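Take a look at the structure set out below.
The values are calculated or read from the model by the stated rules, or taken from the named source; none is laboratory data. What you see is a predicted model; the values in this text were computed from it and never measured. Cβ placement follows ideal geometry from the backbone for every residue including glycine, while neighbour counts extend to all protein chains displayed.
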Amino acid sequence: MKQRTIAALDPGRDKCGFAILRQDGRVLMQRVIETQHLEAEVQQAQADFSFEVLVEGNGTTSKAARSRIREVLPDLRIEVVDEYRTTDMAKKAYWQANPPHGWRRLLPVTMQVPPVPVDDFVAVILGHRFLEEHHHE
């Protein structure tokens, strides 16, 4: 039986974190996308993964992103999730997935800044939050 999927979005002014997760929490795709390509990226992911709901962080640009997505996918269910502390959690998740090498491994990761945006990790965390809150559905 095919698992249901959800999309998760961490909207930002210039870039967004975007992820697709299965209902069991397994990440099928995660990446950072340019906000200017938001509609096209979400539509393509909908065609590729047939997600049932889009989970969106409640940050300052969330209303604008939600409005843009509703224009191209008016029937898509969109749920808003609290973004509290997700950036800190995403940095930690980044370092777990990409441990420092060389002399950097001697420094605590809490003192280091990831060399790339972690918005995609934020999207994964938002997706997991939604799945934890709605595990009975």
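Scanning the range 65-94 for residues that are farther than 18 Å from Leu126 by Cα and in a helix (DSSP H, G or I) yields Ser67, Arg68, Arg70, Glu71, Val72. When Gly59 is tested against (1) small (Gly, Ala, Ser); (2) in contact with a strand residue (DSSP E or B) (Cβ under 9 Å, 6 or more places away or on another chain); (3) not in a loop (DSSP other than H, G, I, E, B), just one condition goes unmet, and that condition is (3). Scanning the range 1-58 for residues that are within 15 Å of Leu76 (Cα to Cα), modelled with pLDDT under 95 and either in contact with a His (Cβ under 8 Å, 6 or more places away or on another chain) or not basic (Lys, Arg) (or both) turns up just one, Glu52. Close contacts from the range 22-48, counting a first residue that is among the acidic types (Asp, Glu) and a second that is exposed (fewer than 14 other Cβ atoms within 10 Å of the Cβ), with Cβ to Cβ under 6 Å and a gap of 6+ residues or different chains, come to Glu39/Val72. With respect to the conditions (1) among the small types (Gly, Ala, Ser); (2) closer than 13 Å to Ala7 by Cβ; (3) out of contact with any helix residue (DSSP H, G or I) (no Cβ under 9 Å at 6 or more places or on another chain), Ala65 falls short on a single one, namely (3). For the range 9-56, taking the residues that are of a type in the set (Val, Ile, Thr) and in a strand (DSSP E or B), the one that is surrounded by the fewest Cβ atoms within 10 Å (Cβ to Cβ) is identified as Val27.
Set side by side, the residues Val42, Val32, Val53 differ, and just one is out of contact with any helix residue (DSSP H, G or I) (no Cβ under 7 Å at 6 or more places or on another chain) and among the hydrophobic types (A, V, I, L, M, F, W, C), which is Val53.
Taken over the range 57-85, the residue count meeting the criterion of being surrounded by 14 or more Cβ atoms within 10 Å (Cβ to Cβ) and small (Gly, Ala, Ser) is 4.
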